1. Under the rule of -39500 (n - 2.57) per DSSP H run of 4 or more residues, summed and divided by the residues of the chain, what mean residue ellipticity at 222 nm is obtained, to the nearest 500 deg cm²/dmol?
2. What's the magnitude of the charge dipole for the chain around its Cα centre, counting Lys and Arg as +1 and Asp and Glu as -1 at the beta-carbon? Answer in Debye, nearest 20.
3. Mind checking which aspartates and glutamates have their C-alpha under 19 Å from Lys132, skipping anything on the same chain fewer than 8 residues away?
4. If the cut-off is 12 Å between C-alpha atoms, which aspartates and glutamates fall inside it for Lys56, apart from same-chain ones fewer than 8 positions away?
5. Sort 122-131, 42-51 for me by packing, meaning the mean count of neighbouring Cβ atoms within 10 Å per residue, highest on top.
6. In whole angstrom, how far apart do the alpha carbon centroids of region 98-114 and region 137-151 sit?
7. Pull up the cross-link candidates among the aspartates and glutamates for Lys148, meaning alpha carbon to alpha carbon under 16 Å and not fewer than 8 places away within one chain.
8. To the nearest 10 degrees, how steeply does helix 122-131 sit against the main Cα axis of the chain, on a 0 to 90 scale?
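Where a number appears in this text, it was derived from the coordinates with a stated rule and is not lab data. Since the model is a prediction, treat every value here as computed from it, not as a measurement. Please note: Cβ atoms are built from the backbone with ideal geometry, for glycine as well, and neighbour counts cover all protein chains shown.
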Amino acid sequence: MTAIENLTAVADASFVIGVSVCGQWETLEALVKTLIIADAVWEEVVEQGEGKPGQKELQQATFVERRSISNINAGVMLTATLDKGEAQPLVLATELGVTTVFMDDLRGRKIAQSVGLQTIGVAGFLLLAKNKKRIQEVRPFLLQLHQKGFRLSGKLVNEILKTAGEELI
């Protein structure tokens, strides 16, 4: 796991929504200096997601920067494999020289890692928050995500709980 204080990172929509579902937006703000959001992510969370988790948090956050990708062709090429909401953050990260991407989508994570980017999903972020003493336990938040329909593999959940020193599900 990496230290993330004063980090600049790019995030996809599922990460923003997941952190919001857990009520950990203040923790994110405390640990991340700048969170960069691609246009497609903003559209998904704020414009299409009105009244849903993440919408208000993203609109009101002072540490969030909305950015447009320059390399439209790269974005279009990646949409052959990924949704726009995962493709644009990866393009932005490479364009801006940002090395950390907050993303849960497995295909997106694999592509990010193949080009040297570090990925952290919601579960990994919760583990970091526990390590930084921002939360007491990871387990209640993982259960909360599961109850809200957030897809996390059982293997990942058990791995995170084991690393956190908590009881396995």
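1. Working: 10 runs with 85 residues, N = 169.
Result for the chain: -14000 deg cm²/dmol, rounded to the nearest 500.
2. 440
3. Filter leaves Glu5, Glu26, Glu29, Glu159, Glu166.
4. Leaving aside aspartates and glutamates fewer than 8 places away in the same chain, those within reach of Lys56 are Glu47.
5. Answer by packing, highest mean first, reads 122-131, 42-51.
6. 21
7. Asp104
8. Helix 122-131 sits roughly 50 degrees off the main axis of the chain.
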